[in-house]
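Undergrad: Provided herewith is a single structure, encoded as structure tokens, for subsequent inquiry.
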Amino acid sequence: MFSSIKMVIAILLITGVAGAGVYVMKLRADNATLKANQIVLEQSVESQKKVLEQQKKDFQEILKANKELSSLINNLKKDLEDLDKRFTKKDRDIGKLAIERTGAIERIINKATDKAARCIEIASGAPLTEQEIKATLKSEINTECPSIANPNYVPHNE
């Protein structure tokens, strides 16, 4: 009887040690899986940080471009208002003037058309010429769109 109890205890010990060994091996496998998952998560976090940084940079560039575009639109609106004021003066009849002073009106319209075409070129992205950049006097500027064609011109209150 005593030997059978020893045998049962020995079997239980062997089974316990074997079970503990299997359990330790399972823990090691789980640990390896968790380490691999941790590495993947860390890489994902880093890539997401880079994406967020790039999005912030892109957002700042968009804000800057919107600000520049808004400024350009405001300048163009001001130029349009100035043109409107020029053409809506009291007692001005372009048709009557064109009949009376054909050559002068033709010259004025042709020059204004050339200046307006240059305004469209500049608004479309054409670079300013050196003469346009240096213009500071009213006689040197493009009167159709001075705010975008002549950045150094400061108009005096008229």
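Undergrad: Stick to the Cα atoms of the stretch 93-158, pair each with every other, and give me the Kirkwood hydrodynamic radius in Å at one decimal.
TA: 13.1
Undergrad: Report ³J(HN,Hα) in whole Hz for each residue of the stretch 141-149, in order, from the Karplus equation J = 6.51 cos²θ - 1.76 cosθ + 1.60 where θ = phi - 60°; Gly and Pro get x.
TA: 8, 8, 6, 7, 8, x, 5, 9, 8
Undergrad: Principal axis extents for the stretch 1-88, Cα atoms only, whole Å, descending order, please.
TA: The Cα atoms of the stretch 1-88 stretch 125, 16, 8 Å along their principal axes.
Undergrad: Have a look at Gln60, Gln38, Gln131 and tell me which one the Gaussian network model of the chain (Cα, springs below 10 Å) gives the largest fluctuation.
TA: In this elastic network of the chain, the residue with the biggest mean-square fluctuation among Gln60, Gln38, Gln131 is Gln38.
Undergrad: At a temperature of 20 °C and a viscosity of 1.002 mPa s, determine how fast the chain diffuses translationally according to Stokes-Einstein, using the Kirkwood radius over alpha-carbon pairs as Rh; express D in µm²/s, rounded to the nearest whole number.
TA: So the translational diffusion coefficient is about 90 µm²/s.
Undergrad: Can you pull out the trypsin sites (Lys or Arg not before Pro) in the stretch 1-102 whose DSSP state is coil and whose Cβ has at most 12 other Cβ atoms within 10 Å?
TA: Sites meeting the loop and neighbour criteria: Lys89, Lys90, Arg92, Arg101.
FYI, it's all coordinate maths here, none of it is from the lab. None of these values were measured; they are calculated from a predicted model. Every residue, glycine as well, gets a Cβ built from its backbone with ideal geometry; the counts of neighbours run over all protein chains shown.
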